[in-house]
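Participant: Can you keep this structure in mind? I'll have questions shortly.
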2 protein chains.
Amino acid sequence: MVKTLRESAKEMTAAATARLRHAGLRPTRQRVELASLLFKTCDRHVTAESLHDEVSDAGVKVSLATVYNTLHQFTQAGLLRQVIVDSSRSYFDTNTGDHQHFFLESEGMLIDIPGETIAVAGVPAPPPGLAVDRVDVVVRVRRS
Amino acid sequence: MVKTLRESAKEMTAAATARLRHAGLRPTRQRVELASLLFKTCDRHVTAESLHDEVSDAGVKVSLATVYNTLHQFTQAGLLRQVIVDSSRSYFDTNTGDHQHFFLESEGMLIDIPGETIAVAGVPAPPPGLAVDRVDVVVRVRRS
DNA sequence: CAACGGGATTAGAACGATTCTAAACTATGA
DNA sequence: TCATAGTTTAGAATCGTTCTAATCCCGTTG
């Protein structure tokens with residue numbers, strides 16, 4: 001069976017809508033558009049600005065404020081994960097599972113490293129009154 | 001032999017001056033003051049603002065711009081190391097050796113973990129054309 | 001199917017951290 | 001002591017992000 005472009009788009013929208021509903025988020029036009037872009041392909045890393053540019057280039061009108069709101073809501077809903085590798089920009093990762101990253105600072109590029117690949121041993125017990133939330137590993141790389 | 005406060009201060013200044021000269025930095029009043037504060041005790045973690053507050057509280061006049069300049073110059077000279085754990089503020093660490101960190105986000109607090117303590121195994125080879133610069137481990141903790 | 005109510009979106013202002021600018025200052029070598 | 005190149009500075013500018021308050025629209029109800 002061959003699908004027309006229109007049919008594919010409709011399916012994407014339906015899938016995004018379902019995903020949003022499931023996460024307890026009202027499927028507004030903007031959220032559906034953003035979710036479609038974010039979850040169309042497998043693993044993606046975006047910043048608020050890169051996503052805003054992308055959605056704008058696609059001819060869709062979404063304000064930057066909404067992109068920020070949406071990224072945070074998706075993160076809270078467990079659809080995204082925030083990655084902290086740069087002290088001046090926030091990255092969001094569509095891969096919410098256990099994994100780590102290569103980070104090429106000069107180009108702001110993130111590359112996933114599967115969770116099983118890296119083993120961190122010897123993490124000491126945190127000082128009294130503190131509990132480990134999670135262990136992040138960032139492998140900083142440069143062009144060579 | 002007992003030292004007066006004035007004598008101790010003089011020694012600190014001399015030490016800071018020597019350290020700056022050795023790093024190829026002209027020992028200006030401001031740089032000497034900041035170096036004295038930073039390297040007085042062993043390991044410290046500061047932000048530009050916390051250091052500016054500290055130096056101001058000590059009754060010394062240094063502009064915030066100079067604090068920023070100095071932190072970056074010290075980092076470039078290898079006297080400090082920048083720690084990236086927060087996407088909205090930069091931290092600087094007087095411990096430039098191999099080590100990792102606990103980070104208590106709610107209070108912006110960093111705690112060193114000695115380098116030998118944690119072992120990271122299984123870091124994959126980076127994609128072609130890229131070389132590993134360094135591997136950062138951040139153990140994010142919360143009050144419990 | 002129209003009306004309603006509360007969540008969602010928006011433009012633009014506000015914000016905090018950081019960097020820039022251009023003028024005044026100062027450490028250093030001659 | 002002087003000249004000069006490097007430093008410092010106040011204040012403006014910039015950047016990413018958040019806030020505000022008005023408008024909009026999704027889903028429910030009558």
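Participant: Ballpark to the nearest 100 Å², how much total accessible area do B and A bury together, probe 1.4 Å?
Facilitator: Looking at B and A, the buried total is near 3200 Å².
Participant: Then there's this: Once the Cα atoms of helix B:48-57 and of chain B are each reduced to a long axis, what angle between those two axes, in degrees from 0 to 90 to the nearest 10, is obtained?
Facilitator: Here the helix axis deviates by roughly 20 degrees.
Participant: Given 10 Å bins starting at zero, what is the percent of C-alpha pairs of chain B in each, up to the one with the largest pair distance?
Facilitator: Computed distribution, short to long bins: 10, 34, 32, 18, 5, 1, 0.
Participant: Nearest 10 degrees is fine. How inclined is helix A:64-76 to the longest principal axis of chain A, computing both from alpha carbons?
Facilitator: Computed tilt is about 60 degrees.
Participant: Follow-up. What nm value, rounded to one decimal, do you get for the distance between residue B:123 and residue B:88 when each label is placed 7 Å out toward the C-beta?
Facilitator: Result: 3.0 nm between the two label points.
Participant: Please report the base-10 log of the normalised intensity I(q)/I(0) for the protein assembly as shown, using a Debye sum with one equal scatterer per alpha carbon and no solvent, at each q in 0.13 (1/Å).
Facilitator: Taking Cα atoms of the protein assembly as shown as identical point scatterers yields -1.02.
Participant: Using a 1.4 angstrom probe on the protein heavy atoms only, could you order A:68, A:91 from most to least accessible area?
Facilitator: The most accessible residue leads, giving A:68, A:91.
Participant: Using the Karplus equation 6.51 cos²θ - 1.76 cosθ + 1.60 (θ = phi - 60°), what ³J(HN,Hα) coupling, rounded to whole Hz, does each residue of region A:93-100 give in order, writing x for Gly and Pro?
Facilitator: My calculation for region A:93-100 gives 10, 6, 8, 9, x, 6, 6, 10 Hz in order.
Participant: Please calculate how many Å² of accessible area region B:16-144 carries per residue, with a 1.4 Å probe and no DNA, RNA or ligand atoms counted.
Facilitator: Result: 51 Å² per residue.
Participant: Computed over the Cα atoms of region A:5-83, what is the ratio Rg over Rh, Rh following Kirkwood?
Facilitator: Rg/Rh: 0.93.
Participant: Counting only protein heavy atoms, what percent of the accessible surface of the protein assembly as shown is carbon or sulfur at a 1.4 Å probe?
Facilitator: Roughly 52 percent, rounded to a whole number.
Participant: For B:116, B:49, write out the residues from largest to smallest accessible area, computed with a 1.4 angstrom probe and no ligands counted.
Facilitator: Reading off the accessible areas and sorting them downward yields B:116, B:49.
Participant: Hey, another quick one. Provide B:53, B:98, B:112 ordered by accessible surface of protein heavy atoms (probe 1.4 Å), highest first.
Facilitator: B:98, B:53, B:112
Participant: Where the only charges are on Cβ atoms (+1 Lys, Arg; -1 Asp, Glu), what is the dipole of the protein assembly as shown about its Cα centre, to the nearest 20 debye?
Facilitator: My answer is approximately 480 debye.
Participant: Let me ask something else. How far, in degrees from 0 to 90, does helix A:29-40 lean away from the longest principal axis of the Cα atoms of chain A, to the nearest 10?
Facilitator: Tilt relative to chain A: about 60 degrees.
Participant: Picking from A:90, A:104, A:128, whose Cα lies most toward the positive end of the charge dipole for chain A (charges on Cβ: Lys, Arg +1; Asp, Glu -1)?
Facilitator: A:90
Participant: Additional query: Once you place label points 7 Å from the Cα toward the Cβ at residue B:43 and residue A:49, how far apart are they in nm?
Facilitator: The answer from the label model is 3.4 nm.
Participant: Any idea what the relative contact order of chain A is, in percent, if you count C-alpha pairs under 8 Å spaced at least 6 apart?
Facilitator: Answer for chain A is 17 percent.
Participant: How far apart, in nm, are the 7 Å Cα→Cβ label points at residue A:81 and residue B:77?
Facilitator: Output for this residue pair reads 4.0 nm.
Participant: Okay, next question. Based on the mean of other beta carbon atoms within 10 Å per residue, what is the order of B:121-128, A:78-85, B:101-108, B:19-26, most packed first?
Facilitator: Ranked by mean Cβ neighbours within 10 Å, highest first: A:78-85, B:101-108, B:19-26, B:121-128.
The values are calculated or read from the model by the stated rules, or taken from the named source; none is laboratory data. Since the structure is predicted, the reported quantities are computational estimates derived from the model, not experimental observations. Heads up, the Cβs are rebuilt from the backbone with ideal geometry, glycines too, and the neighbour counts pull from every protein chain shown. Keep in mind that these areas ignore ligands, DNA and RNA; they rest on the heavy atoms of the full protein, side chains included. Shrake-Rupley method; radii C 1.70, N 1.55, O 1.52, S 1.80 Å.
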